[in-house]
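Following: one structure in structure tokens, then a few remarks.
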Amino acid sequence: MDENYLARINGINDPTRLKAGQQLYIPGADRQKRVPVTVSSPVAPSRPETPQGLTANSPQPSAKPAPSTTRTATPPAPAVQSPPPQAPATAQQGRFDWPLRGKVLRRFGSKIDGSLCKGLEISARPGEAVASAAAGKVIYSGDGIKGYGNLIIVRHDDSYFTVYGFNQKNLVSSGAFVSKGQQIARAGTPPKGGTPRLYFEIRSGKQPVDPIFYLP
């Protein structure tokens, strides 16, 4: 049966607008029939899966550039250097000789465990000869001054004094006169232990001075 004719007798102007389940009058039909649906309803095209909160037609958020994390490199602070030691006004290079030759283990003004070095600590071999740095008179020879072991103090002209500590053995006594370069002691080790060394100090009056400025 022509679909246009069927639509016209059922008062339907547009056959394409028939709906599933709609009842129609069919000429010659003796009973009610169900007609299977042959045309499926248009299905909206599925949208591709998108991240939550967005649809396929939703405008994608524009990617914002991440804030720059580049930092201008800060140049390292210049190392703070200690100013070189200043020679005292009384300095006289070469006025005294080295009491022995060895590596300087501690320098004038250095600190270890809060202890200030008032002279030099010079490495030595056990029993090595220690010489008087200048001619003078021995005003002390003994071990009664704490922290220095066997100690010798020699007085020189112009109120200078030299001090020799950590001795294994003193070879001169108080009151003796010694010449420059004369052997006055044997090198030993500090009372608290450690490698063999000589403690050597120069004093101008009562004031310790850096021996480096008085040695050749």
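Quick one: in region 94-106, which of the residues that are more than 20 Å from Y160 (Cβ to Cβ) and in contact (Cβ under 8 Å) with a residue 24 or more places away in the chain is least open to solvent (accessible area, probe 1.4 Å)?
From region 94-106, those more than 20 Å from Y160 (Cβ to Cβ) are 101-106; that's our starting set.
Keeping just the survivors that are in contact (Cβ under 8 Å) with a residue 24 or more places away in the chain gives 102, 105.
Details: G102: 38, L105: 68 Å².
Of everything passing the filter in region 94-106, G102 is least open to solvent (accessible area, probe 1.4 Å).
Of all residues in region 134-153, those that are within 19 Å of Q207 (Cα to Cα) and touching a Lys or Arg at 6+ places or on another chain (Cβ under 7 Å) total 4. Put simply, of K180, K206, K146 the only residue that is modelled with pLDDT of 95 or more and of a type in the set (K, R) is K180.
For region 126-143, the count of residues that are free of Cβ contacts under 8 Å to residues at least 12 places away in the same chain, out of contact with any Phe, Trp or Tyr (no Cβ under 9 Å at 6 or more places or on another chain) and farther than 20 Å from V104 by Cβ is at least one. Residues in region 174-206 that are without any contact (Cβ under 8 Å) to a residue 40 or more places away in the chain and either crowded, with 16+ Cβ neighbours inside 10 Å or under 24 Å from D158 (Cβ atoms) (or both): S174, G175, A176, K206. In this structure, does G181 turn out to be closer than 12 Å to A134 by Cβ and either out of contact with any strand residue (DSSP E or B) (no Cβ under 9 Å at 6 or more places or on another chain) or in a loop (DSSP other than H, G, I, E, B) (or both)? Yes, satisfied. Selection of region 134-168 for residues being open to solvent by 50 Å² or more (accessible area, probe 1.4 Å) and either β-branched (V, I, T) or over 46 Å from the mean Cα position of the chain (by Cα) (or both) yields A135, K137, I139, Y140, I145, R155, D157, D158, S159. Just checking, does region 186-200 include any residue being at pLDDT 95 or above and over 19 Å from R107 (Cα atoms)? So far as region 186-200 goes, yes, one or more of its residues are at pLDDT 95 or above and over 19 Å from R107 (Cα atoms).
The values are calculated or read from the model by the stated rules, or taken from the named source; none is laboratory data. Bear in mind that the values here come from a model prediction, so they are computed numbers and not experimental data. No Cβ is skipped: glycine too gets one built from the backbone with ideal geometry, and neighbour counts run over all protein chains shown. Areas reflect the complete protein model, heavy atoms only, side chains present, ligands, DNA and RNA absent. Shrake-Rupley method; radii C 1.70, N 1.55, O 1.52, S 1.80 Å.
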